[in-house]
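Peer 1: Right, I'll just put the structure down here and ask away after.
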Amino acid sequence: MDFRHYDASIGRFMVVDPMAEERNWLTPYNFVQNNPILRVDPTGLLDDYGLDQNGNIELIKETNDDTDTLYSVTRGKDGELVKDNNGEVVKNDTNGDGQVADGDSVTVSKNEDGTSVVSELADSNLENKKLDSKFLFSTKTIANFGEKLKDDVFNVFKFASDNSVREWSVVKSSVNGEVNYQLGTYHKHNYAPGFNGKGTFLGLLHSHPNQPTARDRTESLYGDLSIGAKYLRKHGKNLPYLIYFPDSGTTTKIRADKKPIRGLKNFKF
């Protein structure tokens, strides 16, 4: 049986989620993973996710895959994801080859508990963060992962940076002897989550979206030359402090002497 019987008179399901064993951190009688605002998952099956242009990640389709896949999607002016005539969310052809295939998405592995880098981000975008002294608030999406998910973290960072117009960041730290990778966005074009002060700082990577020319990219570094130098002088001058430019696909390394190294291709650390 791959569905659940629902008794409308008492407002509950009469059988367990058919995929309950795959997600044992949730009650087997849960509906929409206990989050009726963000999740619409009447079968409880595993998921595909969509990333819109503003960096929002949400469930778009239930699947039976052992992995989670993140696609680029578009949100219309009405606030809804663009769909085709069959009611399916339209997945974008990100590499321009005329079809939507593996090269137009990023796929990540699942943990033993059924979670993944993508699902954790999709479920973590409700907090608010004070961004400046004017008490401006914005939705933030932040999740933390262990070292074994390092590759997934950086792959999702690149995909999200390349396919949204918002700034994303990865912060590496050591907390109680365990390596932690923080991945997230404030859904702003010029803000991204930084080091939260917990544990030992081990490196930072963030994107600078919407910088199409070499001059734009150079001018966008001015603030980071000072901020990055302060980070490095405080935590270690040889630690990575990196800026990724989606428009060029290149990375710049900030140094303690404020003399950046440009044109790098690898940003994993």
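Every number in this text was worked out from the coordinates using simple rules, so none of it is lab data. Computed from a predicted model, the values in this text were never measured in an experiment. Because the Cβ atoms are built from the backbone with ideal geometry, glycine has one as well, and the counts that use them run over all protein chains shown.
Peer 1: Please report the net charge: other residues with Cβ closer than 11 Å to the Cβ of Ala160, K and R +1, D and E -1.
Peer 2: Here the charged neighbours net out to -1.
Peer 1: Separate question: Compute the FRET efficiency between Asp93 and Tyr222 as 1/(1 + (r/R0)^6), taking r as their Cβ-Cβ distance and R0 = 35 Å, and round to the nearest 0.05.
Peer 2: 0.50
Peer 1: Go through Ile227, Asn210, Tyr244 and say which Cα lies farthest out towards the positive end of the charge dipole of the stretch 202-257; charges sit on Cβ, +1 for Lys and Arg, -1 for Asp and Glu.
Peer 2: Of Ile227, Asn210, Tyr244, it is Ile227.
Peer 1: With a 10 Å Cβ neighbour count serving as the proxy for reagent exposure, in which order, fewest first, do Thr107, Thr69 appear?
Peer 2: Thr107, Thr69
Peer 1: Moving on. Please order Arg75, Arg217, Arg233, Arg166 by the number of other Cβ within 10 Å, starting at the fewest.
Peer 2: Arranged by neighbour count, lowest to highest, Arg75, Arg217, Arg233, Arg166 become Arg233, Arg75, Arg217, Arg166.
Peer 1: Another question about this same structure. Please work out the FRET efficiency for the pair Ser109 and Arg262, using the Cβ-Cβ distance as r and a Förster radius of 30 Å; give the result to the nearest 0.05.
Peer 2: Efficiency at R0 = 30 Å is approximately 0.35.
Peer 1: Quick one: 3J(HN,Hα) in Hz for the stretch 247-255, Karplus 6.51/-1.76/1.60 with θ = phi - 60°, rounded, Gly and Pro as x.
Peer 2: 5, 10, x, 10, 10, 10, 9, 7, 10
Peer 1: I want the local charge near Asn56. Using Cβ-Cβ distances under 11 Å, sum +1 for each Lys or Arg and -1 for each Asp or Glu among the other residues.
Peer 2: With Lys, Arg at +1 and Asp, Glu at -1, the net is 0.
Peer 1: Another one. In whole Hz, what ³J(HN,Hα) sequence does the stretch 87-102 give by Karplus (6.51, -1.76, 1.60; θ = phi - 60°), x for Gly and Pro?
Peer 2: Values per residue, Gly and Pro as x: x, 8, 5, 6, 8, 7, 7, 6, 9, x, 8, x, 8, 9, 9, 4 Hz.
Peer 1: Something else: Cα convex hull of the stretch 202-269: how many Å³ per residue?
Peer 2: Expressed per residue, the convex hull around the Cα atoms of the stretch 202-269 is 71 Å³.
Peer 1: Test of understanding: what is the full-extension gain from Lys237 to Ser174, defined as 0.36 nm times their sequence separation minus their Cα-Cα distance?
Peer 2: Taking 0.36 nm per residue and subtracting the Cα distance, the gain is 21.0 nm.
Peer 1: Next question, about the same structure. Let me check I've understood the local charge: for Gly103, count other residues with C-beta under 10 angstrom from its C-beta, Lys and Arg +1, Asp and Glu -1. What total comes out?
Peer 2: Every neighbour counted, the sum reads -4.
Peer 1: Oh, and also: Given a Förster distance of 22 Å, report the FRET efficiency between Asp66 and Asp102 from their Cβ-Cβ distance, rounded to the nearest 0.05.
Peer 2: Computed FRET efficiency for Asp66 and Asp102: 0.90.
Peer 1: Among Lys77/Lys158; Lys150/Lys172; Lys148/Lys188; Lys158/Lys268; Lys61/Lys110, which pairs are too far apart, with a Cα-Cα distance over 21 Å?
Peer 2: Lys77/Lys158; Lys148/Lys188
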